[in-house]
Amino acid sequence: MNAQYQKQTSGQRRSLRAMVFFFTLGLSGSGAMASAQKAGKGPFSLQAGELHAQCVERSSVPGRPADASQDDRGCRELRLFYSHPDPSLTHRWVRAHCGFDGWNRRDDLREFSSNGRWGNRDLYFRVDLQPLPSEGSRFEATLPLTGKEKALHCAICIDDCSGSHKWDNNNRRDFAHAFRFPFAGPWITLGKFGGDHLIPSIQFEHHRDANACVTVWPEGSEEQAEEICSEAPQRRHRFRLRNLSPNTPYSYQITAAASDFETPELWRSPVHSFRTPPLEEPEGGWNILLLADTQDNGDDRVARYVMETLASTSSDLEPDHPAFGADSAQLMVIAGDLVYNDEPGLWWSFFDQVHALSPRIPLSPSVGNHDTPTFGSHPDVSQFREHFDLDYVATNSAHHKLALGTILFLALDSERPREFNSTDGAQRLWLETELQSRSDSLAQLPEAEQNRHWTFTHWHIPPVNAGARHAYRTSEFHSLLQVMQGQIDWHFGGHEHLYQRSRPLVYSPSQERLQIVEEYGRNEGQGMGFMVLPPAGNIPSYRLVSLGSPHAAMREMLAFPNSSRDSDWVPSEMGFVRLQIRENEATFSTFGLGRPGERRPLHLRDRVVQTKGTGLHGSP
C-alpha cells in the first residue's frame, strides 16, 4: 500500500484505548454465492461464513476489584460465534479447529490432534460449536483462557471434517483473534524504494481489516510528531517513513481503528524506538547481526531465547565482553528459513519470537526452503514478499540488495537454483551486473578508500558446506563462484544447522573446484570467506561428511570446526554471529547458546579478524 502523510502534533492525535470486547476474527468468500445455494443442492461452501469472538473481561470475575489495573485485565474466557447464510447448516456438525499462539501446544486443553494437511500447524484442539436457538445458522462455543494468550488461530470444518472442500481457513490467513496489538509485529526493513537514500519501512499485521496510523517523532521531541495513515482498511500494513534525518533516533507508536461493528475497535501499541541508517560509517563502526534458521515452530521458544539474549547484551554484559552492545546493531541479516513452514500461524510465531529486536533493528532476510509452500525448494515467494518490504529486483522474485553506507549486501534466492547455474539465469545476470557496477565505482577511489568498502552475499543453501545433511547440494552453486571471485569478501548461508567458517578460497574454473589460499581478500592470490551460520531457533546438526564421502574434500576447506579428527561428529550449538566493521577491519565473533533442552549462557565459540591490506588475524 502507499500510505499518505497526515501531519499532526501529539496533542492533536486521537485517543485510542486497547481493550476490545466484540469483533470479527476474519471474513472470507462471498455471501451472495453461498446464500444462493439451497439445502441439499450442490456442494456446500464454508467460505461465506463469518467467525466472531466475544471476550469476557477478566475484571468482571466475581470478587475481583472493579478498579483492577490494566495489566490485570484481559479475557477469562472467549466466546466464539460462527454464522452462515445457509439455513441447512443448523442440521450439521460445525467445529472450530483452533490453536493459540501460532498453533502451539496448550497442555490444559484436551483433544489435541496431529494433522498438517489443512494448511495449519500440527498441534491444535477441536471445539464443537453449538447451534443458537432461533438464530438460524449461528453457532457458539466457549474457550477457557489463562490470561497469557497472545493470539488465537482457527479454521472451520463441518460434519466429520474429512475432505478439504469442507474446511475454511480464510484463504490461508487463518481466522484470527489478537489478545494484544498489533497481532504480529511491528518489524522494520530498509530500502531506497526508488529514492536516493535508505528509508525505514515499518510493518505489522492486525487480525482483521482496520485503518491504521504510525506516529513518528524525533526521540525526546514529541511536539514534532507526524502521523502517517493508511488509505484503506486492511490486515497487513507497511509505512515507508520518508524525509527522516539520517543516523537519528526516532520514536513511534501504532494505532488502529475500525468502526464497522456496533462496538468500535480501538487499539494502541507501546512506544517503540529505532535509529535511521547512517549515510557513512558511524562513530564506533558498523555493528551487524548475522543469523539463520530461526525456524522454531514456536513450541520450544528457542528463537525467542536467542533474541532476548541478544536484546540484553548492553544491560547484562560487561563492556569488555565481545557481545556487549550487539543489541544496538544497525542491521539483522537472516540467511533463510525464518519460519518452520510457510503457514499463517508459523509466520506469526516468527514475528512473536523476534519481537525483542524487530521493532528497532531492521531485518534483511533471504528466502529459505521453509519460507516457501513446501519443505523442499519452491519458487512461490509470495508470502515472503508480503511480509518483507525490500528493494526486490523483479516482480515475483525474492532477490534484493541493500547498500548500507560502505557495505553492500546482495541477497539471492537459492530456491531457484536454475537461475544460478545457467549463464543466462536471471539471478546470475543480476549478480554480474551489480558486481561490475560495484567494481567500476570502487575503481575510482584510492586503494586505501577501496579497503573501507565491503561486499557480502547471502542465500540460504551454502555453496561451501562440509555438513553431512546437505553437502551434496554445494555443486549447484559453484558456477556462480566464478562471478563472485575477486568481488565478494564473504558469503553467508544457513540450511545445515552447523556453524562452519571456511579457509580463504578461490574458485578454479579450469578445474571446476575450490582451492585454499593463505589470506582472505579480493586481491590477486587472496580468497573469499564462506560461513554457514549457526541455527538461531532450530536443532543443531553435529555431523560432517565422512572421510569416504565424495564430498570429503569440503572438510579440508574448514577453519572451524576442527575437521582433522577421524570422527565425523563435531560440537554444535544454536547461536549467532556478530560482524563489526571499522574502516578496513572486519571482526566476526560467533556466539553459542547451547541447544534446545540444554541451553547455555552466551559464550564465544569462534573469532576471526580480517584487515584489508594485511590479511588475517585471529583464528587461522
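All of (1) assigned to a strand (DSSP E or B); (2) at positive phi hold for G613 with one exception: (1).
Listed here are the residues, each with its yes/no results for (1) surrounded by 20 or more Cβ atoms within 10 Å (Cβ to Cβ); (2) touching a Ser or Thr at 6+ places or on another chain (Cβ under 8 Å); (3) under 29 Å from W286 (Cβ atoms).
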position: L544; (1), (2), (3): yes, yes, no
position: S563; (1), (2), (3): yes, no, no
position: W569; (1), (2), (3): no, no, no
position: G575; (1), (2), (3): yes, yes, yes
position: R578; (1), (2), (3): yes, yes, yes
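Has segment 548-559 got any residue that is part of a strand (DSSP E or B) and within 16 Å of L498 (Cα to Cα)? The answer is yes; a qualifying residue exists. Within segment 513-525, the set of residues being of a type outside the set (S, T, Y), touching a residue at least 40 places away in the same chain (Cβ under 8 Å) and either open to solvent by less than 40 Å² (accessible area, probe 1.4 Å) or assigned to a strand (DSSP E or B) (or both) comprises R513, L514, I516, E519, G521.
For (1) of a type in the set (S, T, Y); (2) more than 13 Å from the chain's Cα centre (by Cα); (3) part of a loop (DSSP other than H, G, I, E, B); (4) under 20 Å from H272 (Cβ atoms), each residue gets a yes or a no:
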site: E308; (1), (2), (3), (4): no, yes, no, yes
site: S314; (1), (2), (3), (4): yes, yes, no, yes
site: E318; (1), (2), (3), (4): no, yes, yes, no
site: V333; (1), (2), (3), (4): no, no, no, no
site: W348; (1), (2), (3), (4): no, no, no, yes
site: R360; (1), (2), (3), (4): no, yes, yes, yes
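Among strands (runs of 3 or more DSSP E) entirely within segment 194-265, having at least 1 residues that are open to solvent by less than 30 Å² (accessible area, probe 1.4 Å), in contact (Cβ under 8 Å) with a residue 40 or more places away in the chain and under 20 Å from L357 (Cα atoms) singles out 199-218, 234-240, 249-258. Taking segment 399-452 as the region of interest, the helices (runs of 4 or more DSSP H) fully inside it that hold 1 or more residues being surrounded by 20 or more Cβ atoms within 10 Å (Cβ to Cβ) are 418-421, 426-442.
Picking from P534, P540, which residue would you name as being under 27 Å from N341 (Cβ atoms) and modelled with pLDDT of 95 or more?
Result: P534 is the single residue among P534, P540 that is under 27 Å from N341 (Cβ atoms) and modelled with pLDDT of 95 or more.
As for segment 146-168, it holds at least one residue that is over 19 Å from C55 (Cβ atoms), of a type in the set (S, T, N, Q) and either modelled with pLDDT of 80 or more or open to solvent by 10 Å² or more (accessible area, probe 1.4 Å) (or both). Selection of first residues in segment 403-429 that are at positive phi and of second residues that are buried (at least 20 other Cβ atoms within 10 Å of the Cβ), restricted to Cβ pairs under 8 Å at least 6 apart or on distinct chains, gives the following pairs, ordered by first then second residue: G405/P277; G405/W286. Listed conditions (1) under 14 Å from V532 (Cβ atoms); (2) assigned to a helix (DSSP H, G or I); (3) open to solvent by 30 Å² or more (accessible area, probe 1.4 Å); (4) not polar (S, T, N, Q) are all met by R469, apart from (2).
Right, G537: in contact (Cβ under 8 Å) with a residue 12 or more places away in the chain, buried (at least 22 other Cβ atoms within 10 Å of the Cβ) and assigned to a loop (DSSP other than H, G, I, E, B) or not? Criteria met by G537.
The values are calculated or read from the model by the stated rules, or taken from the named source; none is laboratory data. Everything numeric here is computed off the predicted structure, so don't read it as measured data. When we count neighbours, we look across all protein chains shown, and the Cβ atoms used for this are built from the backbone with ideal geometry, even at glycine. Just so you know, the surface numbers come from the protein's heavy atoms only, side chains and all, with ligands and any DNA or RNA stripped out. Shrake-Rupley method; radii C 1.70, N 1.55, O 1.52, S 1.80 Å.
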